[in-house]
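Accompanying notes for the structure given below.
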Amino acid sequence: MSIDEQRLRATFDALTTDGRTPEGGLNRPALSTAHLAARQRFAEMITAGGFAVHTDGAGNVSARWQAAGPAAPTLMIGSHLDSVPEGGRFDGALGVAAAYEVLLALHECGEAFNANLEVIDFTDEEGTWVSLMGSRAISGQLTARDLANPRGNPAVFEKRLARAGLTRSGILAASRAEEEFKAYLELHIEQGTRLESSGTNIGVVTGMVGIFMYLVTFRGTANHAGTTPMDRRRDAAQGASAFALQVRTIIMDRFPDCVATVGNMTFEPGAFNIVARSVACFMEFRSSDIARAHALQRALRTMAFREAERFNLEVDFEHLETVQPRTMDGHVQRTFHAAAAHLGLTTTGLPSLAGHDAQSMALLGPAGLIFVPSVGGFSHSAREHTRWEDCIRGCSTLFEAARRLLSDPPDAAPIAGARQAV
Ligand SMILES: [Zn+2]
């Protein structure tokens, strides 16, 4: 009893056709023409496979198999078919292709199961418009405010929703009941080098890092770039640049378990012949531990004020948004380890440094995520690659874990506690 490797390849190739770039990557931001074409192709594939296509108010497309009857809970397996602009082929699409192969293989094996199965493609995981939109809608975390503040142009967002047949009220009404839900499983590429460098087959994710976002603004005085003596300047560019360099030093010296990025600096007035009046720095850092995150926040804030003083500036250190860290379910993690061991594969537990749909689904109930190695760690680029044998290993592990979870006795206690606190 196993997956069909050739069929998996054919599914993956079909699901990575629309939006293919000349460099071999994928360009299909959520709700773009290429993205909608890929979803249409997936829906036709589901129908051809003999399953019912289900589409919800958030546009999530799924294949449903009622293996155990209407009263039984549903095991969901999924990922996403959207990509970042000029992204790679494996991010998301591999997870959907593998989930669909698991459905076909389990359906064929003829075993009796105690839960139903649903394979799902979530809308806008990458946050072209609203980050993790489909999975946050299903797990009841999306608000009207989130939809009113898309990342892209709101008018264009409105048009794209309409073209996809979606409405704001429909998206907000897509949440599901906890009782119908057994667990959520996902296969994803690692997008890093930890598995490759340790020679491990499968990464079993222990949790997702929290993401802490800040706007740090240094303020001085705009002045003439020629006639203002260097020792009289209140140059916001100096403070902001020193800050950006010190962020790296603090992480390297004191917080090696965290990462931090100054991804954008906006200079005002922003001319080459004017000393900068102000510089706004967008900074985020990531940590899997709340206490560590608080300690890092204090260290960064203290440093920002010290650098401001050094250059005779004022500084605002403003918190913008936090994505809370999430823990993956213990029983699901153990099932993944056991499934991989059964297949003779090596595993390691590791935190995820990127966001995934599994982190939203963890609010609905038990959720788990496995990684397969990314060659060279490249991702969100056409260079993104996972060796085919590793894709097969990942899909086989997903199959074996799903088979075990679907066979859990129907009266088994819920496999994890209640929803995690938001
Ligand atoms: Zn992804």
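The values are calculated or read from the model by the stated rules, or taken from the named source; none is laboratory data. In this text the structure is predicted, and so the values were computed from the model without any measurement. Positions of Cβ are generated from backbone atoms using ideal geometry, with glycine treated the same way; all protein chains shown enter the neighbour counts.
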Some residue of the range 290-298 being in contact (Cβ under 8 Å) with a residue 40 or more places away in the chain, closer than 14 Å to ALA237 by Cα and surrounded by 15 or more Cβ atoms within 10 Å (Cβ to Cβ):
no
All positions within the range 319-349 that are more than 16 Å from the ligand (Cβ to nearest atom) and at pLDDT below 95:
HIS319, LEU320, GLU321, THR322, GLN324, PRO325, THR327
Filter the range 128-145 for residues that are more than 18 Å from ALA362 (Cβ to Cβ) and not hydrophobic (A, V, I, L, M, F, W, C); the one that is farthest from the ligand (Cβ to nearest atom) is ARG145
Of (1) buried (at least 24 other Cβ atoms within 10 Å of the Cβ); (2) within 15 Å of the ligand (Cβ to nearest atom), GLY368 satisfies every one except (2)
Residues satisfying the stated conditions in the range 289-316, i.e. touching a Ser or Thr at 6+ places or on another chain (Cβ under 8 Å) and either within 28 Å of MET328 (Cβ to Cβ) or part of a loop (DSSP other than H, G, I, E, B) (or both)
ALA293, LEU296
Test GLU125 against the stated conditions and say whether it is of a type in the set (D, E, K, R), under 18 Å from THR33 (Cα atoms) and either away from the ligand (no atom under 16 Å from the Cβ) or within 17 Å of the chain's Cα centre (by Cα) (or both).
yes
Do the conditions hold for ALA402, that is, is it assigned to a loop (DSSP other than H, G, I, E, B) and either over 16 Å from ARG194 (Cα atoms) or not β-branched (Val, Ile, Thr) (or both)?
no
So is ALA183 among the hydrophobic types (A, V, I, L, M, F, W, C), assigned by TED's automatic domain parsing to the domain that holds THR33, crowded, with 24+ Cβ neighbours inside 10 Å and under 22 Å from PRO410 (Cα atoms) or not?
yes
If you go through LEU94, LEU106, the only one that is within 26 Å of THR47 (Cα to Cα), away from the ligand (no atom under 16 Å from the Cβ) and modelled with pLDDT of 95 or more is LEU106
Exactly one of ALA63, ALA58 is under 19 Å from the mean Cα position of the chain (by Cα) and more than 16 Å from the ligand (Cβ to nearest atom), and that residue is ALA58
Take THR11 and decide whether it is assigned by TED's automatic domain parsing to the domain that holds SER79, among the polar types (S, T, N, Q) and part of a loop (DSSP other than H, G, I, E, B).
no
